[in-house]
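Please read the structure below before turning to the comments.
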Amino acid sequence: MNLALRVNGRTIHADVEPETMLVDVLREHAGLTGPRVTCGVGLCGTCTVLMDEQPVSACILMAPLAQGTEITTIEGIPEDDAVVRCFDRHHAFQCGFCIPGMVLTGRAMVAEGHAADREEIREGLGGNLCRCGCYLKIIDAIEEAAQ
Amino acid sequence: MTWIQPTSVDAVVRARAENPEAIIVAGGTFLGILVRAGMLEADDWISLQDVRELTRLQSLGDLSIGAMVRHRRLELDEDVRGIWPGIAAAFRAVASPRVRNVATVGGVLADADYASDPPSMLVASRAVAEIASVRGSRRVPIEELITGHYSTCLEEDELITRVIVPRPQGPAVYRKLRTRSQEDRPSSSVAAVVHQGTVRVVVGAVSDRPHHFADLCATWRPGNEDSAREIGAGYAERIEYIDDNRGSAAYRRRVVAVEVRRALMQVSS
Ligand SMILES: Cc1cc2nc3c(=O)[nH]c(=O)nc-3n(C[C@H](O)[C@H](O)[C@H](O)COP(=O)(O)OP(=O)(O)OC[C@H]3O[C@@H](n4cnc5c(N)ncnc54)[C@H](O)[C@@H]3O)c2cc1C
Ligand code: FES
Ligand code: FES
């Protein structure tokens with residue numbers, strides 16, 4: 001089927017089977033490699049994108065379900081974004097693999113007022129795994145961005 | 001291969017009647033995993049994404065939840081949190097925000113995975129599903145809808161259109177026991193809802209479907225620790241448990257006794 005998806009403010013077209021996952025359309029048809037597949041079952045968060053401002057797992061989202069929504073990947077976030085700057089200031093990463101998902105999830109939490117304290121941030125990040133174990137600094141960064 | 005996006009319930013049930021093999025897609029969180037893993041193939045898909053009437057949430061009298069209402073909306077809606085706090089808590093307990101932003105009420109019920117959070121609370125709250133097909137519509141209590149692991153009483157061509165939850169008259173408590181990580185499915189799922197002085201305790205996620213034992217609940221003396229302990233022991237005894245990565249059958253038998261007792265003491269206070 002022919003899909004027209006709104007991604008980072010522009011329209012991308014892809015001729016794919018309905019079973020194609022959104023992450024594959026983003027990576028293979030739009031060249032956006034920020035979302036990446038690790039677990040492939042919705043658990044770890046490295047494939048996170050925002051769908052109408054809300055984080056979702058692009059690894060298990062059938063691409064046609066994204067029609068009519070606004071998708072944002074890490075590539076669509078300006079470099080001077082407050083959350084990105086806080087990650088930078090706190091050196092809240094090592095290898096960086098999980099960071100697109102962490103930043104996008106953190107941004108949604110901050111935007112919606114769900115980052116009131118460290119406990120709430122911890123809970124909101126419950127489904128985002130960092131194999132380098134940078135959690136404390138990631139929480140520091142989001143906490144500061146929320147202030 | 002076809003993917004259709006009807007815009008009304010009528011059009012969906014007609015499409016289902018014509019092609020019962022076609023698969024309904026709601027949030028797609030459950031289907032997405034199966035498809036990605038190559039465990040499910042289909043020629044035809046019927047997506048509910050454009051059916052506006054299924055996204056309605058009404059809280060004027062009873063709570064009416066359209067089948068396409070997302071978990072996250074029930075978790076955050078002011079009326080649901082204020083009047084049906086048990087429902088808000090059970091949906092909030094599901095996985096991570098990424099799953100709750102997408103997963104729907106119709107999806108979790110039709111899917112009937114034994115290890116889900118909402119079913120025990122929906123049964124404890126006396127919720128009823130409204131189901132439609134070309135033959136008309138019918139209402140089925142959630143405890144009759146879910147008949148076992150991955151099985152429901154839905155006919156091949158039927159669609160869940162909404163879930164109705166009566167207005168509660170007393171407190172409700174949802175207790176999810178996680179044994180591995182925060183976003184994990186429950187090792188046990190206990191819901192207790194008080195209605196006009198009587199309690200309905202429902203235990204989910206430990207066997208093939210949620211369990212409610214009215215005779216045990218009838219013995220409840222609110223605030224009495226011994227009574228709570230006896231009912232807990234009764235539940236623990238009667239259920240046939242599943243062994244899985246989240247807990248052995250023996251472990252579950254022990255925690256169910258404790259979790260039921262705690263839930264009963266919590267709804268007493
Ligand atoms: C990583 C991960 C973690 C999870 N953790 C939890 C957890 O902790 N607790 C928990 O409770 N759940 C958990 N889940 C399960 C999740 O909540 C379910 O996958 C979800 O509720 C299914 O809803 P959906 O709208 O995505 O359904 P879909 O995947 O769209 O559909 C599920 C099934 O229901 C059918 N269907 C959907 N809607 C209807 C309808 N209206 N009428 C008839 N049939 C219909 C579909 O054909 C399909 O067979 C988890 C899922 C994931 C991916
Ligand atoms: S790759 Fe999508 S959640 Fe892990
Ligand atoms: S920084 Fe390496 S996975 Fe998080």
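Here is a yes/no grid of residues against (1) over 18 Å from the mean Cα position of the chain (by Cα); (2) under 19 Å from A:GLY127 (Cα atoms):
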residue: B:TRP3; (1), (2): yes, no
residue: B:SER8; (1), (2): yes, no
residue: B:VAL12; (1), (2): yes, no
residue: B:VAL25; (1), (2): no, no
residue: B:TRP45; (1), (2): yes, no
residue: B:LEU63; (1), (2): no, no
residue: B:TRP84; (1), (2): no, no
residue: B:ALA88; (1), (2): no, no
residue: B:ALA93; (1), (2): no, yes
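Here A:LEU26 meets each of (1) more than 9 Å from every other protein chain (Cβ to nearest Cβ); (2) assigned to a helix (DSSP H, G or I); (3) touching a His at 6+ places or on another chain (Cβ under 9 Å) with one exception, condition (3). Highlighted here are the strands (runs of 3 or more DSSP E) found entirely within the range B:148-197 that include at least 3 residues which are in contact (Cβ under 8 Å) with a residue 60 or more places away in the chain and small (Gly, Ala, Ser): B:188-195.
Any residue that is more than 21 Å from B:ALA103 (Cβ to Cβ), out of contact with any strand residue (DSSP E or B) (no Cβ under 9 Å at 6 or more places or on another chain) and part of a loop (DSSP other than H, G, I, E, B) - is there at least one of those in the range A:34-50? Yes, the range A:34-50 has at least one match.
Which members of the range A:15-53 meet the condition of being polar (S, T, N, Q) and surrounded by 18 or more Cβ atoms within 10 Å (Cβ to Cβ)? Step through it out loud before you land on a result.
Residues of the range A:15-53 that are polar (S, T, N, Q), as a first pass: A:20, A:33, A:38, A:46, A:48.
Listed by number, the residues that qualify are A:THR20, A:THR46, A:THR48.
Just one residue in the set A:LEU136, A:LEU129, A:LEU61, A:LEU104 is at pLDDT 95 or above and surrounded by fewer than 19 Cβ atoms within 10 Å (Cβ to Cβ); that residue is A:LEU136.
When the criteria are applied in full, B:LEU48 fails the requirement of being within 16 Å of ligand 2 (Cβ to nearest atom) and either within 27 Å of B:ALA127 (Cα to Cα) or in the same structural domain as B:PRO85 (by TED's automatic domain parsing) (or both).
Listed conditions (1) among the hydrophobic types (A, V, I, L, M, F, W, C); (2) within 14 Å of ligand 3 (Cβ to nearest atom); (3) out of contact with any Phe, Trp or Tyr (no Cβ under 7 Å at 6 or more places or on another chain) are all met by A:ALA115, apart from (2). Checked against the criterion of being under 26 Å from B:GLU156 (Cα atoms), buried (at least 19 other Cβ atoms within 10 Å of the Cβ) and in contact (Cβ under 8 Å) with a residue 24 or more places away in the chain, the candidates B:VAL35, B:VAL69 yield just one match: B:VAL69.
Against the definition (over 15 Å from the mean Cα position of the chain (by Cα) and farther than 12 Å from A:ALA145 by Cα), how does A:GLN67 come out, yes or no? Here the answer is yes, as A:GLN67 does meet what is asked. Can you confirm whether the range B:233-247 contains a residue that is among the polar types (S, T, N, Q) and crowded, with 21+ Cβ neighbours inside 10 Å? Looking for residues that are among the polar types (S, T, N, Q) and crowded, with 21+ Cβ neighbours inside 10 Å, one finds none in the range B:233-247, hence no. Residue pairs whose Cβ atoms lie under 6 Å apart, sitting 6 or more positions apart in sequence or on different chains, and linking a residue in the range A:105-116 that is closer than 12 Å to A:ALA141 by Cβ to a partner that is of a type in the set (Gly, Ala, Ser), are A:MET109/A:ALA115; A:MET109/A:GLY124; A:VAL110/A:ALA145; A:VAL110/A:ALA146; A:ALA115/A:ALA146. Of the helices (runs of 4 or more DSSP H) entirely within the range B:17-85, those holding at least 2 residues that are more than 12 Å from ligand 1 (Cβ to nearest atom) occupy B:71-76, B:78-83.
The values are calculated or read from the model by the stated rules, or taken from the named source; none is laboratory data. In this text, all values refer to a predicted model and were calculated from it rather than measured experimentally. Here the Cβ is made from the backbone with ideal geometry for all residues, glycine too, and neighbour counts use every protein chain on show.
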